[in-house]
Structure formats: C-alpha cells, structure tokens
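Below is one structure; the comments refer to it alone.
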Amino acid sequence: QVQLVESGGGLVQAGGSLKLSCVASGSIFSIYTMAWYRQAPGRPRDLVASITSSGSTGFADSVKGRFAISRDNARNTVNLQMNGLKPEDTAVYYCAADIRASFGETTRRYWGQGTQVTVSS
C-alpha cells in the first residue's frame with residue numbers, strides 16, 4: 001500500500017518562507033511525476049508545481065519566481081520551497097505522485113492528506 005505524507009505547513013507572515021516536504025512510502029516500483037496542488041476554501045484544487053522523474057519542472061503562473069520544487073529519487077521525496085509568500089497563497093497543500101506499485105500494475109495517482117499553509121497580511 002502506497003502512502004504520501006506531507007509536512008512543513010504552518011502560519012507565516014506575508015513575505016516569509018515555508019518548505020513543504022512529502023515522502024512516499026510502501027510498495028513502490030517506480031515514481032514518475034510528483035506534484036503539489038493547493039485548494040483554498042470554496043475553490044477548486046489547482047496545480048502549483050510539478051517535477052518529472054528526470055527533473056523537468058512546471059509552475060503555475062501565480063507562483064513562478066517565488067516557489068521551487070525539487071525531489072530526491074533515492075528517498076522518494078518531493079519538496080516545495082515557498083518564498084515571498086502572499087495571503088493569496090493560503091490554502092491546503094496536497095502532494096501527488098504518479099506511482100507504479102509493482103512491475104505488473106498500472107500507474108496511478110496517489111494523494112497525501114494535505115497540509116495547511118496560512119499567510120497572514
């Protein structure tokens with residue numbers, strides 16, 4: 001069984017920084033794209049940043065230049081470094097990963113439980 005566990009959320013003042021981490025554990029054959037999404041109250045869940053297994057990254061326009069995504073393939077970990085935080089970044093942040101659990105299985109997307117990020121003005 002695959003699990004994704006996030007950490008690093010919290011309360012920060014505008015202009016501050018936070019680093020989110022997510023570790024995948026369990027029966028894992030391969031991890032492909034890893035990503036961070038966020039969902040504010042009353043809003044849909046939106047993609048924030050993604051990173052492929054080869055290290056190619058993508059970012060939402062709203063976070064370009066402020067957020068960075070990285071991964072450690074040996075540790076099955078993805079990180080989101082968030083700098084220059086704004087009140088509009090307040091949301092629950094979710095880790096997602098496309099994982100093949102074993103050689104014979106198809107790849108599916110797994111989600112973490114979410115971590116709250118609150119940015120005060």
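The values are calculated or read from the model by the stated rules, or taken from the named source; none is laboratory data. Since the model is a prediction, treat every value here as computed from it, not as a measurement. Calculation scope for accessible area: heavy atoms of the full protein, side chains included, ligands and nucleic acids excluded. Shrake-Rupley method; radii C 1.70, N 1.55, O 1.52, S 1.80 Å.
How much length, in nm to one decimal, is gained on full extension between Lys19 and Ser62, taken as 0.36 nm per residue of separation minus their Cα-Cα distance?
13.8 nm
Accessible area, 1.4 Å probe, largest first: how do Ser120, Ser54, Ser7 sort?
These residues rank, largest area first, as Ser54, Ser7, Ser120.
Measure off, as a whole percent, the carbon and sulfur share of the 1.4 Å-probe accessible area of segment 35-113, all protein chains present.
Whole-percent figure for carbon plus sulfur exposure: 48.
So how much slack lies between Thr118 and Glu105, counting 0.36 nm per residue of separation and subtracting their Cα-Cα distance, in nm?
0.9 nm
Would you check the accessible area of Tyr37, probe 1.4 Å, heavy atoms only, in square angstrom rounded to 10?
Taking all protein chains as shown, Tyr37 has close to 40 Å².
Can you give the accessible area per residue of the chain, in Å², using a 1.4 Å probe?
On a per-residue basis, the chain sits at 52 Å².
Provide the per-residue ³J(HN,Hα) series for segment 12-24, in order, calculated from phi with Karplus coefficients 6.51, -1.76, 1.60 and θ = phi - 60°, each as a whole number of Hz, with x at glycine and proline positions.
With coefficients 6.51, -1.76 and 1.60, one gets 9, 7, 4, x, x, 10, 9, 10, 9, 10, 9, 10, 9 Hz.
Could you please state, rounded to a whole Å, how far the C-alpha centre of segment 1-68 is from the C-alpha centre of segment 77-104?
Comparing the Cα centres of segment 1-68 and segment 77-104, I get a distance of 1 Å.
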